[in-house]
Amino acid sequence: MKPDIFEAPDYYNLDELLNEEHKLVRNSTRSWVKREVSPIINEYAQKAEFPKQIIKGLANIGAFGAYIPQEYGGAGLDQISYGLIMQEIERGDSGIRSTASVQSSLVMYPIWKYGNEAQRKKYLPKLASGEWMGCFGLTEPDYGSNPSGMVTNFKDKGDHYLLNGAKMWISNAPFAQVAVVWAKNETGRVHGLIVERGMVGFSTPETHNKWSLRASATGELIFENVKVPKDNLLPNKSGLGAPLGCLDSARYGIAWGAIGAAMDCYDTALRYSKERIQFGKPIGKFQLQQKKLAEMITEITKAQLLTWRLGVLRNQDKATSAQISMAKRNNVDMALNIAREARQMLGAMGISGEYSIMRHMMNLESVITYEGTHDIHLLITGLDITGYNAFK
Ligand SMILES: Cc1cc2nc3c(=O)[nH]c(=O)nc-3n(C[C@H](O)[C@H](O)[C@H](O)COP(=O)(O)OP(=O)(O)OC[C@H]3O[C@@H](n4cnc5c(N)ncnc54)[C@H](O)[C@@H]3O)c2cc1C
């Protein structure tokens, strides 16, 4: 792997929109990624393994629960700082950002928002420090885009709940100590349950053979008559809106993260265009290559502005789910297109693990699918502007 000499593009002086804390958080995360992620990420992606040794470091930079209050072990930062952390981590690798997103937005967030005080005190500090890792089980083998059809269910057995069913495509599942699992009760109402590793009948087989997010561990969650203590039900919100609220937070982080992946591909391609000589001159002197680079920086700049504004709205608690969908959809698509164009600009070198581009490109194929597919987010925008639901 080449030394990480990444320089972030800021074509519209967007740093002027950030406060000192934002810049400090962004810069320290960037340095950490250069030091701890870039030197090892190609090796771990090649061997399809999550680098567990970076968990402590992720906790130290505030990547687990950036916006969770400090009294629960979180970093107590605002939404823009949270976004910038996600941007910088995904600049290193989408798989590592996925691990941080799941921990923060899909595990800590529901425990913080929908849990009681005892649950917050028991789980959040350990999740913030990385002592415990968590996962989020919504998707099932037969229910992906349509989670309302889920068949995972629990029955009230007096002193405990009896949980049965299966989840698949679950990030962090193979090593998580804690799973926030969405399941239906006897009346068909969706609730969140905290399931812990070691509960009898609970297993987490790893999913192998992925060409994407190879440095992120993915697995199944299998529940065979798992006795879940009643204290482990999240009491403060039920219905499908509960998991969807978590997804809003995660999708917001993804919108920022995708900018990071795009910036890395652009920066690599720009540098390569000045170094690679063909027909006696740097390829950056050819109009076709300039067109690619000019379009990349234009799209990155548009995405930066969109996402910064979304962060302001999130800080004011005014961002709608549909606005978050638009940013997730736009930015991931933008990053994937840039990765594809940048890969071409590097010619054969573009497919090599010496450079990050092909890894970003393959990772983004998952990012454009999970947390709501590209098409599902378009339907969310469609519903929002027309009032017509085109899902069914
Ligand atoms: C690496 C990875 C990690 C993941 N991590 C997690 C996790 O941690 N937790 C979790 O719960 N899930 C996770 N997922 C699952 C992910 O959220 C789902 O894959 C996603 O929601 C899509 O579901 P699906 O794969 O079943 O596709 P499907 O829902 O079967 O969709 C297939 C295709 O049909 C389209 N489609 C579906 N319905 C409609 C419609 N009404 N109109 C038009 N087109 C439609 C979709 O857009 C898609 O193109 C992960 C997935 C991946 C790949």
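The values are calculated or read from the model by the stated rules, or taken from the named source; none is laboratory data. Note that the coordinates shown come from a computational prediction; the quantities given were computed from them, not determined experimentally. Counting neighbours? That spans all protein chains shown, and the Cβs are built from the backbone with ideal geometry, glycine included. Just so you know, the surface numbers come from the protein's heavy atoms only, side chains and all, with ligands and any DNA or RNA stripped out. Shrake-Rupley method; radii C 1.70, N 1.55, O 1.52, S 1.80 Å.
A cut-off of 5 Å between modelled amide H atoms, ignoring neighbours fewer than 5 places along the same chain, links TYR161 with VAL228, LYS230. Charge tally for TYR252 (other residues, Cβ to Cβ under 11 Å; Lys, Arg +1; Asp, Glu -1): +1. Listed values for the stretch 326-336 are Karplus-derived 3J(HN,Hα) couplings in whole Hz (6.51 cos²θ - 1.76 cosθ + 1.60, θ = phi - 60°), namely 4, 5, 4, 5, 4, 6, 5, 4, 4, 5, 5, and x replaces Gly and Pro. Candidates LEU221, MET263, SER171 compared by Cα position along the dipole of the chain: farthest toward the positive end lies MET263, with charges placed on Cβ.
Computed from Cα atoms, the angle from the helix 287-315 axis to the main principal axis of the chain rounds to 40 degrees. Net charge dipole, the chain: roughly 280 debye, given to the nearest 20, about the Cα centre with Cβ charges of +1 for Lys and Arg and -1 for Asp and Glu. Rounded to whole numbers, the Karplus 3J(HN,Hα) couplings from phi for the stretch 116-122 are 8, 5, 5, 5, 4, 5, 6 Hz, using 6.51 cos²θ - 1.76 cosθ + 1.60 with θ = phi - 60°, and x at Gly and Pro. Comparing THR187, THR369, THR218 in a Gaussian network model of the chain (Cα springs below 10 Å), the most mobile by mean-square fluctuation is THR187. Solvent-accessible area per residue in the stretch 134-232 equals 44 Å², computed with a 1.4 angstrom probe and all protein chains kept. Considering only ALA294, ALA166, ALA48, give the residue with the highest GNM mean-square fluctuation for the chain, with springs between Cα atoms whenever their separation is below 10 Å. Comparing ALA294, ALA166, ALA48 in the GNM, the peak value goes to ALA294.
As a check on your grasp of the helix formula, calculate [θ] at 222 nm for the chain: sum -39500 (n - 2.57) over DSSP H runs of n ≥ 4, divide by the residue count, round to the nearest 500. Write down the numbers at each step before the final one.
Details: 12 runs with 182 residues, N = 392.
Helices in the chain give a 222 nm mean residue ellipticity of -15000 deg cm²/dmol.
For CYS135, the residues whose modelled amide H falls within less than 5 Å of its own, excluding neighbours fewer than 5 places apart on the same chain, are VAL178, ALA179, VAL180.
Ignoring the sites themselves, the chain has its longest run without GluC sites (Glu not before Pro) in a DSSP loop having at most 16 other Cβ atoms within 10 Å at 187-353.
For the stretch 134-232, with only Lys/Arg (+1) and Asp/Glu (-1) charged at the beta-carbon, what is the dipole magnitude about the Cα centre, in debye rounded to 20?
On the way: 10 positive and 10 negative charges, 24 e Å.
Once rounded to the nearest 20, the dipole reads 120 debye.
What does the net charge come to around LYS167 if you take all other residues with beta carbon closer than 10 Å to its beta carbon, with K and R at +1 and D and E at -1? Walk me through the numbers before you get to the answer.
On the way: positive: none; negative: GLU140, GLU220.
Result for the local shell: -2.
In the chain, Cα pairs under 8 Å separated by at least six residues give a relative contact order of 18 percent.
Ligands, DNA and RNA left out, the 1.4 Å accessible surface of the chain is 51% carbon and sulfur atoms. List the pairs from LYS122/LYS167; LYS2/LYS52; LYS126/LYS237; LYS34/LYS56; LYS184/LYS227 whose alpha-carbon separation is above 18 Å, in the order I gave them. Result: LYS122/LYS167; LYS2/LYS52; LYS126/LYS237 exceed 18 Å. Averaging 1/r over each pair of different alpha-carbon atoms in the stretch 334-384 and inverting the result gives 12.0 Å, the Kirkwood hydrodynamic radius. The phi-based Karplus calculation (6.51 cos²θ - 1.76 cosθ + 1.60; θ = phi - 60°) puts the 3J(HN,Hα) values of the stretch 97-104 at 4, 4, 4, 5, 4, 4, 4, 6 Hz, whole numbers, x for Gly and Pro. Where only protein heavy atoms count, and the probe is 1.4 Å, what is the accessible area per residue for the stretch 28-95 in Å²? Accessible area per residue, the stretch 28-95: 34 Å².
Taking Lys and Arg as +1 and Asp and Glu as -1, the other residues whose beta-carbon sits under 11 Å from that of LYS285 total +3.
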